[in-house]
Amino acid sequence: EKSSPVVIILRYRAEIMAMYLAGNFKLALRDYAKVIAENKANPVYYFERGKCYQMMGDHKKALPDFNKALELDGSYSDALIFRASTFVKLNEISKAISDYATLISIDPVNPEFRIRRGQWLLQTQDWDGALADFEQVLKGNSSEFQALTGKSEALRRNNQLSAALEAAEKAIAGKPENASGYFQKGLCYLDQSEDEIAGIWLSKAYKIGLNTEQ
């Protein structure tokens, strides 16, 4: 029995995804080009080809595919997430923040969207904007670790050191095995010129394991 065009496309797409998952990105790109030539109005194929380029580290080529996917479907959440990460790689943080504003408008109760936007707002030195996002997350979950450490940093950068220290202590209480709470607490004491106490907390953070940025 002859397969329908839809079944053939789905089977072909599954074969391409198998190449992608196996890390055969160049082969997957070749076949995505064929599929897109036959299905120019399907945003999924542009998105998946963009992911291939991104996995290969070619963010400049990934971006037009994510743009096209979103031109075809402006509420395509996965495409917005991946385009935002591409903007970050291209050092266009403000555009990544804009994409996360769209994601938040699509799904206002998703805490991950606000946390990520808050972290990028910190990078742009928008302390108040970042704090607003972290506070919104903490309204739904007062012990959310990333929101607490982000809040601590936003408050510390805004010279609200006692409130920053309180947020850091809550983060430590919730996740004593994570270095970020100790790190923020140490920085709070450092900003208060209490170097000896700061050294104790920063040493604890160091022993647990700091991330590259820290």
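Observations on the structure shown:
- Counting only residues at least eight positions apart within a chain, or on another chain, the lysines with an alpha carbon under 16 Å from that of Lys40 are Lys68.
- In terms of overall dimensions, region 65-105 has a Cα radius of gyration and Dmax of 9.2, 25 angstrom.
- Viscosity 0.692 mPa s, 37 °C: Kirkwood-radius Stokes-Einstein D of region 100-147 over Cα pairs, µm²/s: 315 µm²/s
- Folded to 0 to 90 degrees: helix 111-123 orientation relative to the chain principal axis, Cα: 70 degrees
- Nearby lysines by direct alpha-carbon distance to Lys175 (threshold 23 angstrom, same-chain neighbours under 8 apart not counted): Lys139, Lys151, Lys185, Lys204, Lys207
- You can think of it this way: the chain between Ala101 and Lys139 has 11.8 nm of extra reach, that is 0.36 nm per residue less the Cα-Cα gap.
- Percentage of interatomic Cα-Cα distances in region 138-188 larger than 16 Å: 26 percent
- Note on the chain: GNM, Cα springs under 10 Å; of Leu90, Leu63, Leu148, the largest mean-square fluctuation is that of Leu90.
- Solvent-accessible surface (1.4 Å probe) assigned to Lys170 amounts to roughly 110 Å².
- Volume of the Cα convex hull of region 63-214, divided per residue and given in Å³: 105 Å³
- Label point 7 Å beyond Cα of Ala163 along Cβ direction - residues of region 93-128 with amide nitrogen under 14 Å: 127-128
- 0 to 90° range, to nearest 10: angle between helix 5-21 axis and the chain longest Cα axis: 40 degrees
- Relative to the dominant Cα principal axis of the chain, helix 77-89 is inclined by about 60°.
The values are calculated or read from the model by the stated rules, or taken from the named source; none is laboratory data. Just so it is clear, the structure is predicted and the values come from calculations on it, not from any experiment. When we count neighbours, we look across all protein chains shown, and the Cβ atoms used for this are built from the backbone with ideal geometry, even at glycine. Just the protein is used for accessible areas: all its heavy atoms, side chains included, with ligands, DNA and RNA removed. Shrake-Rupley method; radii C 1.70, N 1.55, O 1.52, S 1.80 Å.
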